[in-house]
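Written below as structure tokens is the structure these notes are about.
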Amino acid sequence: MRNKQLLCILFPLLVACTGQRQQPVSGELIMEEAVRKGEVLQGETIPVDTALLRYAYRMRVQGDKAVILDLHNADYYYHVFTYPDFQYQSSFGKRGEGPGESVYASNVRFAGQDTVWVLDDGKGRMYQYSGIAGGESPRLEKDLLLDKRLFRSLDFDMKDASTVVIPDYSGENRFSWASLTSGELLRKFGQIPVSDPELLKKSAPAVAQGWNSFISFSPDKKILVAVTQFGERLDIYDMVSQKHIGKTGADGDPQFKVSPEGHGFPAGRICYYDVQVTDKYIYTIYDGRQFKDIIKLADAYKQGGRIFRIFTHEGDVVKTSVLDRPITGIYVDEAAGLLFGTDVNADEQIVKFSLELE
């Protein structure tokens, strides 16, 4: 049932090996080689003292606390845990259509030690919560209606305390900046790096849907990184020098079809699932399976990526590893040498892997 729900989520959103400075190769080849050599990272499931997690899609960590975005929980979208032992503390972000409730939660980001912003694409709103700490009940501090020009806001990250960056699904640009005070669209920047500029002119929203991206800012907010959900494309934007680096892997740019109604539908692969940028590296989780193969698997399909890849800030591959299970959301604790992931296919949905980081 969970896998059927996945396929219903993916499509509507559109209306291993090790080595130094290696070049990316096809996802299938990476998986086959890692399994053949027995080079697969084994994960350790972290028991959670409650059965509340249904579809743990994203994980955010700040200090001694973690927030999990749970897409399918019947009551609340967000759950607070202690970190790194993941003892349950509280839940917030009630599901519903009433004031302060969310119809479709898209993401969550920390804005301080005990404050987060969350995004509800269903209502076109952002909510600020405080009290994200042990022994407290999170409190709704701000209910922000976003500018209507920011339609289909499926991801975001914090530029600073007053500004947020959101992928631009109009296709006019790659990203939009919005005010966290008024919700107003402030400006746009970047272009979708398509190989066919004429298609972008004729079907901009469909191209933006096909290039649906997940984003992450570096801690110092100097680097913004985007990875595509339906193609092996990594884009790095230096906010200081305005330099742009684009890297396309062996599985290619996003492949999609434009419907007569002007919507973009995937026609190739499910690729990146999440990205995290630190002061040192860019971390990504990648799948690479073709949609035609996913459909054949039906209920046997497991969502997530098993290819964990580390890049430099210049887009060079430092290391690629294959995990023993697919995960959808990641958090890398560089100091501890650990990768935490969310496994939506299991009953116990939080898992950790030991990493050898340079």
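Would you confirm whether or not region 103-123 contains a residue that is small (Gly, Ala, Ser), over 18 Å from the mean Cα position of the chain (by Cα) and closer than 28 Å to GLY264 by Cα? For region 103-123, residues small (Gly, Ala, Ser), over 18 Å from the mean Cα position of the chain (by Cα) and closer than 28 Å to GLY264 by Cα: absent.
Taken as a whole, the structure leaves LEU150 outside the set of residues that are out of contact with any strand residue (DSSP E or B) (no Cβ under 9 Å at 6 or more places or on another chain) and surrounded by 15 or more Cβ atoms within 10 Å (Cβ to Cβ). Filter region 52-66 down to residues that are under 13 Å from ASP114 (Cβ atoms) and outside any strand (DSSP E or B), then give me how many there are. Count: 2.
Mind checking whether some residue in region 136-146 is open to solvent by less than 40 Å² (accessible area, probe 1.4 Å), within 21 Å of GLY341 (Cβ to Cβ) and part of a loop (DSSP other than H, G, I, E, B)? No, region 136-146 contains no residue that is open to solvent by less than 40 Å² (accessible area, probe 1.4 Å), within 21 Å of GLY341 (Cβ to Cβ) and part of a loop (DSSP other than H, G, I, E, B). Restricting attention to region 159-203 and to residues that are polar (S, T, N, Q) and assigned to a strand (DSSP E or B), the residue that is farthest from LEU234 (Cα to Cα) turns out to be SER179. The strands (runs of 3 or more DSSP E) found wholly in region 217-304 and carrying at least 2 residues that are within 19 Å of ARG58 (Cβ to Cβ) occupy 223-228, 269-277, 282-290.
Cβ-Cβ under 8 Å, sequence separation 6+ or interchain: first residue in region 194-205 and open to solvent by less than 80 Å² (accessible area, probe 1.4 Å), partner charged (D, E, K, R). Which pairs? The qualifying pairs are VAL194/ASP253; ALA204/GLU172.
The values are calculated or read from the model by the stated rules, or taken from the named source; none is laboratory data. None of the values given here were measured: they were computed from a predicted structure. Don't worry about glycine lacking a Cβ; one is built from the backbone with ideal geometry, like all the others, and counts go over all protein chains shown. Calculation scope for accessible area: heavy atoms of the full protein, side chains included, ligands and nucleic acids excluded. Shrake-Rupley method; radii C 1.70, N 1.55, O 1.52, S 1.80 Å.
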